[in-house]
Amino acid sequence: MAPVVVKLGSSVVSEVAAAVRPEVIERICAEVAELHAGGDAVVIVTSGAIARGMGVMGLAARPRAMDELQAASAVGQGKLYRIYDELLHAHGVPSAQVLLTFFDMSARTHYLNARGTLRRLVAWGVVPVINENDTTATDEISFGDNDFLAAQVAILIGAELLLLLTDTDGLHTADPRRDPTAEVVSEVSDFEALGDLQIGAASTLLGSGGMRSKVVAAEMATAAGIPTTILNGLRPGALLAARRRERIGTHFHPQSTRVSSFKLWLKYAKPSHGRLLVDSGAERALRERGTSLLPVGVRGVEGDFSAGDAVVVATDGARPIGKGIVNYSAGELRRIKGLKTADVQTVVPRPSAAAVHRDYFVLD
């Protein structure tokens, strides 16, 4: 059976004073144990290591400097996991701490190794408790928010369902903290229809995300065919109700057009190292016919990258089209851009003359 991924936000794990909510975590662990006993494989993705460290160190506000954030995480990480481990153990459920970085997802070999480890833990009946390894992450190689990490984990292991627990009842038509008339959006099938909503990007004093990051995470997961629900983790029984597919929170239906796990990894996990600017003909070929990008359509090369790196493909006006893995280095592409295939092979021979093969390209 495919796992259920449960993500707890900082606002669920901790209070504003940076103290953990033991009664909330205990209740959620009890609900996870109930799912586990019923035959569900459950994977927990938790925020709160930095918040836990803040509480231990008596910090009144979330640090901003990277070394302070990493130090707070180092103080809180083990203490946070110990809470989960003890609570799950009390219900007879074994757990394992798993710390991931953006690099673990962006490097394909690491990505596959992480998938193998998580699948083995699930097969053993162990509940992985996952967090980002904030102690070693940097601004450039960070998920930015554990909503994205949860979506990546769900895609990685082929989850049946992704549940994003927060401190509100779901996505609203406006910010409910500012607009008392805001209503919960119960279902989402078309992400383009969300354009008129005031989806907040503001984070809390304890966390780095907001509702916008949860919506983007839902878009990522549903593109892989994984239904996603944003729900209030402070409400008793909400997790179990969402697992039973009851009408609770905001439910995002799987998107009609599915994207392969490889292309989702390419789109959301593998960092880009440069940019190729293409003409209008190449743009139409990529968008409408799904062809490979040939050097003849490349008009500009930005950045310094090697063959095998990911690059953004954009129009001459710099409007993004998609992302792909290049067959040539930046220096080679500068030599062959605008050349026809026969001429390319005489300058820089390759088994495939494509600058980016269609199998290694994903639209934005």
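The values are calculated or read from the model by the stated rules, or taken from the named source; none is laboratory data. Note that the coordinates shown come from a computational prediction; the quantities given were computed from them, not determined experimentally. Positions of Cβ are generated from backbone atoms using ideal geometry, with glycine treated the same way; all protein chains shown enter the neighbour counts.
Can you work out which of the residues in the range 40-92 that are in a helix (DSSP H, G or I) and of a type in the set (S, T, N, Q) is nearest to Leu162 (Cα to Cα)?
So the first thing to find is which residues in the range 40-92 are in a helix (DSSP H, G or I), and the list is 49-57, 66-90.
Add one more test, that the residue is of a type in the set (S, T, N, Q), and what stays is 70, 73, 77.
Details: Gln70: 27, Ser73: 25, Gln77: 23 Å.
The extreme case among them is Gln77.
Quickly run through the range 273-321 and pick out the residues that are over 16 Å from Lys340 (Cα atoms), of a type in the set (A, V, I, L, M) and outside any loop (DSSP other than H, G, I, E, B).
Passing the criteria: Leu276, Leu277, Leu286, Val301, Ala310, Val311, Val312, Val313, Ala314, Ile321.
Only one entry in Arg119, Arg62 is free of Cβ contacts under 8 Å to residues at least 40 places away in the same chain, basic (Lys, Arg) and in the same structural domain as Phe148 (by TED's automatic domain parsing), namely Arg119.
Within the range 167-178, the set of residues being in contact (Cβ under 8 Å) with a residue 12 or more places away in the chain and either touching a helix residue (DSSP H, G or I) at 6+ places or on another chain (Cβ under 6 Å) or assigned to a loop (DSSP other than H, G, I, E, B) (or both) comprises Asp167, Thr168, Asp169, Gly170, Leu171, Thr173, Ala174, Asp175.
For the condition among the aromatic types (Phe, Trp, Tyr) and within 20 Å of the chain's Cα centre (by Cα), what is the one hit in Tyr111, Tyr81?
Tyr111
Return a yes/no flag: does the range 333-341 have any residue that is closer than 13 Å to His273 by Cβ and either among the β-branched types (Val, Ile, Thr) or touching a strand residue (DSSP E or B) at 6+ places or on another chain (Cβ under 6 Å) (or both). Yes, that holds for at least one residue. Taking residues in the range 84-101 that are over 16 Å from Ser47 (Cα atoms), and partners anywhere that are of a type in the set (Phe, Trp, Tyr) and part of a helix (DSSP H, G or I), the pairs with Cβ atoms closer than 9 Å and at least 6 places apart or on different chains are Ser95/Tyr81; Ser95/Tyr84. For the subset of the range 1-12 comprising residues that are modelled with pLDDT under 90 and in a helix (DSSP H, G or I), which member is farthest from Ile83 (Cα to Cα)? Within the range 1-12, the match that is farthest from Ile83 (Cα to Cα) is Ser11.
Whether a residue is closer than 26 Å to Glu68 by Cβ and modelled with pLDDT under 90 was assessed, and Ala202 passes this test. Among the residues making up the range 93-116, those that are closer than 16 Å to Val153 by Cβ and loosely packed, with under 13 Cβ neighbours inside 10 Å are Leu112, Asn113, Gly116. Within the range 70-92, restricting attention to residues that are surrounded by 21 or more Cβ atoms within 10 Å (Cβ to Cβ) and among the hydrophobic types (A, V, I, L, M, F, W, C), the residue that is modelled with the lowest pLDDT is Ala72. Counting the residues of the range 1-31 that are under 22 Å from the mean Cα position of the chain (by Cα), under 15 Å from Arg62 (Cα atoms) and surrounded by fewer than 16 Cβ atoms within 10 Å (Cβ to Cβ) gives 0. Considering the range 330-364, and only residues there that are among the β-branched types (Val, Ile, Thr) and not in a loop (DSSP other than H, G, I, E, B), the residue that is surrounded by the most Cβ atoms within 10 Å (Cβ to Cβ) turns out to be Val356.
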